[in-house]
1. Compare Lys101, Lys228, Lys157 by solvent-accessible area with a 1.4 Å probe and give them largest first, with all protein chains kept in place.
2. Can you give me the three principal axis dimensions of the chain from its C-alpha atoms, in Å, biggest first?
3. Mean Kyte-Doolittle hydropathy of 1.0 or higher plus an axial Cα length of 27 Å or more: which whole DSSP H helices in the chain meet both?
4. Please list, ordered by chain and number, the residues whose modelled amide H lies under 5 Å from the amide H of Lys40; skip anything fewer than 5 residues away on the same chain.
5. Could you work out how much longer the chain between Leu143 and Asn242 gets when fully extended? Use 0.36 nm per residue separation minus the Cα distance between them, nm to one decimal.
6. What is the list of residues in the stretch 78-112 whose amide nitrogen lies under 14 Å from a point 7 angstrom out from the Cα of Thr201, following Cα to Cβ?
7. Excluding ligands and nucleic acids, what accessible area in Å² is computed for Asp235 using a 1.4 Å probe, to the nearest 10?
8. With no solvent and one equal point scatterer per Cα, compute the Debye intensity ratio I(q)/I(0) for the stretch 1-144 at 0.16, 0.22 Å⁻¹ and report its log10, rounded to two decimals.
Amino acid sequence: MSKASYLKRYWQLYALLSLPLIYFIIFRYGPMYGVQIAFKDFNLFQGIGGSEWIGLDAFREVFNMKEFYTALRNTFMLNFLDLLVSFPAPIILAIMLYEIKSAWFKKISQTILYIPHFISWVIIGGIVYQLFGNQSGMINEVLQGLGLSPVPFLTEKGPWLITYLFTGVWQSAGWGTILYLAALTGVNRELFEAAEVDGATRIKKIWYITLPSIKPTIVTLLILNLGKMVSIGFDRPYVIGNTAVREYSDVLSTFVYRIGLESGQYTLATVVGLFQAVVGLVFILGSNYISKKMTGDGII
């Protein structure tokens, strides 16, 4: 079949494909025109085209800022800890849900676990302050009622970090189970029956059948997460963070917000954004290469 006849026969599929392509061209590739701001002394009134070229001067200025390195360190630290704590959580939850035999209980559990994903981080931040506030937080009120000292969940770096991480697990773990549960539905049930005949325990069936079956999904998501090590969402650290823990809560996204929107230094903000994009690309290509060398699985 020639290419022309193939396109003519399946034109509906290509028409559907055109929609995401148009989206990416307009909203992903189109804004790349603004990347040149990183190399210009950007002026709002002169626009991108009329602003003066300054070469790498803005990069030198950013790389000489102490606050930039603090934000970069915190971004890596919080993303790495999130990878350790949040990445295994949906895998464990998916396996637990898969092992549940009662269909109605499984559906109820999945619904309850999915709900936090649809709650805005602004609302979650309010919940966090209501629960973990130093004076009026419900947990500290209970502790004081029991004669115990209140815990500074949101004002000291160690407790704040724990609160930050486990809030993220609560918000994202349930939604993250969807891909793993979808992968598990393709597992041949005869493998479990054969393992049961051979006397395998439930733990051994999970270790030797369930986990290997979702290994490609785990590897793919791990590579994608490693690619995001230098980028971090704005909402979570901004809403949960405060000046008392800024040494830990100030990340690249909040740093860009401060120097870009609050201070009006758009050139410096663009430099940081471009830095995140380039380093993120290096991370995802590097992790994909290492994954291929070690396990034979990759996404590129």
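The values are calculated or read from the model by the stated rules, or taken from the named source; none is laboratory data. Please read all numbers here as calculations on a predicted model, not as lab measurements. Because the Cβ atoms are built from the backbone with ideal geometry, glycine has one as well, and the counts that use them run over all protein chains shown. Heads up: the accessible areas ignore ligands, DNA and RNA and are worked out on the full protein's heavy atoms, side chains in. Shrake-Rupley method; radii C 1.70, N 1.55, O 1.52, S 1.80 Å.
1. Listed by decreasing accessible area, they come as Lys101, Lys228, Lys157.
2. Sorted largest first, the three principal extents are 80, 74, 36 Å.
3. Membrane-span-like by this rule: 266-295.
4. Ile54
5. 33.3 nm
6. none
7. For Asp235, the solvent-accessible surface is approximately 80 Å².
8. These q points yield log10 I(q)/I(0) values of -1.13, -1.26.
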